[in-house]
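The values are calculated or read from the model by the stated rules, or taken from the named source; none is laboratory data. None of the values given here were measured: they were computed from a predicted structure. Every residue, glycine as well, gets a Cβ built from its backbone with ideal geometry; the counts of neighbours run over all protein chains shown.
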Amino acid sequence: MTLELFTVGEPIADTKAPTDVPVPQMWEERKFRARLVNPANRRRLSVIVVGTGLAGGSAAATLAEAGYRVKNFWFQDSPRRAHSVAAQGGINAAKNYRNDGDSVHRLFYDTVKGGDFRSRETNSYRLAEVSAAIIDQAVAQGVPFAREYGGLLDNRSFGGAQVSRTFYARGQTGQQLLYGAYQALERQIGLGNVETHGRTEMLDLVVVDGRARGIVVRDLITGQISTHLADAVVLASGGYSNVFYLSTNAKGSNVTAAWRAHKRGALFANPCYTQIHPTCIPVSGDYQSKLTLMSESLRNDGRVWVPKERGDDRDPRQIPEEERDYFLERKYPAFGNLVPRDIASRQAKNVCDEGRGVGPNGLGVYLDFTDAIERLGRSAIEAKYGNLFDMYNRITGEDAYETGMRIYPAVHYTMGGLWVDYDLESNIPGLFVIGEANFSDQGANRLGASALMQGLADGYFVLPNTLANYLADGPFPKVAADHPAVVEAETAVRTQTEKLLSINGTRTVASFHRELGRLMWDLCGMERSEEGLRKALDRIPEIKQEFWTNVKVSGEQGVFNQNLEHAGRVADFIELAELMCVDALHRNESCGGHFRAESQTPEGEALRDDENFAYVAAWEYTPDGTPPVLHREALEYEYIHLAQRSYK
């Protein structure tokens, strides 16, 4: 298989973490050893930030406030439209306000265990360490976190934890945190410290003398292609869930910025690590364009069940308690309905595969709130989750207070991403990657409420310290607009754009995206097998060939053309999909969200192979159809010990 699908290159390692001190001391030690840039010199240094979600928005605001000249790019009409705005349930932090035994170490351990021991220990500990400062920052910005009757910040529980550490703002936590970062960003824009480029999409990375020095972008309104240069580039462009076509991500979410950087030499790590969220509204038809998340926070008070008998299609209110199977509570009594997402999703799939699923197509389970309403009262449930119940009602026409919710797993998040070291710098000097766009913190499965934590930790607290260490060597030599690297990158973008418009085939871009997404969901989704992955790897090159010979991209280049935008993104998704399947096939073990049918315990749980796969798979792009190159980063655990996950 190695010779057929990929070749093996030199090992890779993170050399930035100070390994001569214990893990709990590493971040403070790294900050102390990092070189600084004095305030007067910061004004001479420029930084490009791509993205305005929680990671990008917080990074741009913080770097500008520190004195750097920031150029911020986003493809939405407003920074507030970044997909972080859609996050619902909450943000984790090791504050231990409930006095229930939480600590930095416990959050760290839960994160590593939740990721099935496939994350980098040093980065995961720093994430837990920084978490408490995020809450203080957000409260100072005026983020309206939920509070208890006495005025103290409230907490609730999320999957994979036995403590309550999740801070929340009803079911709109991402929106409120993003508005906090946005107001900080707008302040710096108003002061002239941030140069803004809205409705602008990054289409290539400019690498000069081995350093990332700029990006090539297309103005989505005018179609103008231009190059922007700086001393460093920060990618905060989010994840790649839309490779599956149907996901909980916004329709515009894409992999293009990260993938184009990958094609310029940035390693792509663990692309097969994708997260399936267990509580989403089920698919309702063949031509549905996206899926809707129902927050994991609902599992605090909702109980997941299906009928015990196959084919029982009675109204759920007519099925008595003794004829219901609360399968998560039965199988995992210690965690119950709050097991991690990968486990809850697979168990929901299993009961549906047994023929006990509910709803029109049998692909659903109930999330029932009857007990909670009886215990707390309907008004209390409305106060906690009212907007989520309203959303469910508008989409399905059903009253979840009466019948419960029908839910089914859907693609939600990606743990894979561009490889970075402890400083969040890729293998291309000067290219930093933060938030969901990198791979570093979550392992093979992310715990609920940790995405917002990572995005804000990276943007507010980690990157501003580590980027300074790199920029201490600047300012770097000025790059001219006619530099060969600039001309080559801009020409490549123009050539691809012209190619897409010239094909004039018979199939729509959406039809290719839909076919690719269904293929990936069926063969590289919740459960993978060697047979299925090889089928996918046979079909994806055929899709790619047909796309580049038969796609129909209407319109012109020099105008607003969403069809052209979509075509470029789908072209990248096709290439990414092939690498995801290669990565999933090579990793012949089950871990977290990567579940290989051939590697499971007798009870059907994920079975890791630590002897052969305790490493990060960092892939090097190779052009002209040659196999990608695998670089392994060994995962070494000193502060905790590898163990088989158990939530029973």
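Just name the residue that is surrounded by the fewest Cβ atoms within 10 Å (Cβ to Cβ) out of those in the range 203-217 that are of a type in the set (A, V, I, L, M) and either at pLDDT below 95 or within 13 Å of E488 (Cβ to Cβ) (or both).
Filtering the range 203-217 down to residues of a type in the set (A, V, I, L, M) leaves 203, 205-208, 212, 215-217.
So of that shortlist, the ones also either at pLDDT below 95 or within 13 Å of E488 (Cβ to Cβ) (or both) come out as 205-208, 216.
Working: L205: 27, V206: 25, V207: 22, V208: 19, V216: 23.
Among them, the one singled out is V208.
Do we have any residue at all in the range 269-279 that's modelled with pLDDT of 95 or more and over 30 Å from V420 (Cα atoms)?
The answer is yes, given that some residue of the range 269-279 is modelled with pLDDT of 95 or more and over 30 Å from V420 (Cα atoms).
Being over 30 Å from H631 (Cα atoms) and surrounded by 17 or more Cβ atoms within 10 Å (Cβ to Cβ) narrows it down to one residue among V49, V112, V70, V23; which is it?
Numbers: V49 fails: over 30 Å from H631 (Cα atoms); V112 fails: over 30 Å from H631 (Cα atoms); V23 fails: over 30 Å from H631 (Cα atoms).
Among V49, V112, V70, V23, only V70 is over 30 Å from H631 (Cα atoms) and surrounded by 17 or more Cβ atoms within 10 Å (Cβ to Cβ).
Give the range 406-435 a look and list any residue that's surrounded by fewer than 24 Cβ atoms within 10 Å (Cβ to Cβ) and within 30 Å of V283 (Cβ to Cβ), or say none.
R406
Run E29 past the list (1) free of Cβ contacts under 8 Å to residues at least 40 places away in the same chain; (2) of a type outside the set (A, V, I, L, M, F, W, C); (3) in a loop (DSSP other than H, G, I, E, B) and report the number of the one that doesn't hold.
So E29 meets the others, but not (3).
Given the conditions (1) crowded, with 17+ Cβ neighbours inside 10 Å; (2) more than 30 Å from A444 (Cα to Cα), and given that V163 satisfies all but one, which numbered condition is not satisfied?
Going through (1) crowded, with 17+ Cβ neighbours inside 10 Å; (2) more than 30 Å from A444 (Cα to Cα) one by one, V163 breaks only (2).
Of the residues Y182, Y149, only one is over 27 Å from N254 (Cα atoms) and among the aromatic types (F, W, Y); which?
The unique qualifying residue is Y149.
Identify all residues within the range 311-320 that are part of a helix (DSSP H, G or I) and in contact with a strand residue (DSSP E or B) (Cβ under 8 Å, 6 or more places away or on another chain); write none if there are none.
Initially, the range 311-320 is screened for residues part of a helix (DSSP H, G or I), giving 316-318.
Result: P316, single match.
Let me confirm something: among T279, T227, which residue is part of a strand (DSSP E or B), hydroxyl-bearing (S, T, Y), closer than 26 Å to P409 by Cβ and in contact (Cβ under 8 Å) with a residue 40 or more places away in the chain?
Working: T227 fails: closer than 26 Å to P409 by Cβ.
Step by step, each of T279, T227 is checked, and only T279 is part of a strand (DSSP E or B), hydroxyl-bearing (S, T, Y), closer than 26 Å to P409 by Cβ and in contact (Cβ under 8 Å) with a residue 40 or more places away in the chain.
Name the residues in the range 237-275 that are over 20 Å from V85 (Cα atoms), surrounded by fewer than 24 Cβ atoms within 10 Å (Cβ to Cβ) and either without any contact (Cβ under 8 Å) to a residue 60 or more places away in the chain or polar (S, T, N, Q) (or both), would you?
T256
Report every pair of residues separated by at least 6 positions or lying on different chains whose Cβ atoms are under 8 Å apart, first residue within the range 550-577 and part of a strand (DSSP E or B), second surrounded by 19 or more Cβ atoms within 10 Å (Cβ to Cβ).
V551/L500; V551/V509; V551/F512; V551/A567; K552/V509
Can you name the residue in the range 387-405 that is touching a helix residue (DSSP H, G or I) at 6+ places or on another chain (Cβ under 8 Å) and among the polar types (S, T, N, Q) and is also surrounded by the most Cβ atoms within 10 Å (Cβ to Cβ) among such residues?
As a first pass, look at the range 387-405 and keep what is touching a helix residue (DSSP H, G or I) at 6+ places or on another chain (Cβ under 8 Å): 388-389, 392-393, 398-405.
Those left that are additionally among the polar types (S, T, N, Q): 393, 403.
Details: N393: 14, T403: 16.
Result: T403.
Suppose we filter N249, N254, N242 for residues that are within 27 Å of G114 (Cβ to Cβ), outside any strand (DSSP E or B) and touching a Lys or Arg at 6+ places or on another chain (Cβ under 6 Å); which single one remains?
On the way: N249 fails: touching a Lys or Arg at 6+ places or on another chain (Cβ under 6 Å); N242 fails: touching a Lys or Arg at 6+ places or on another chain (Cβ under 6 Å).
None of the other options fit; the residue is N254.
Does Q288 qualify as being among the polar types (S, T, N, Q) and assigned to a strand (DSSP E or B)? Quick ask: steps written out before the conclusion?
Numbers: among the polar types (S, T, N, Q): yes; assigned to a strand (DSSP E or B): no.
For Q288, the condition - among the polar types (S, T, N, Q) and assigned to a strand (DSSP E or B) - is not met.
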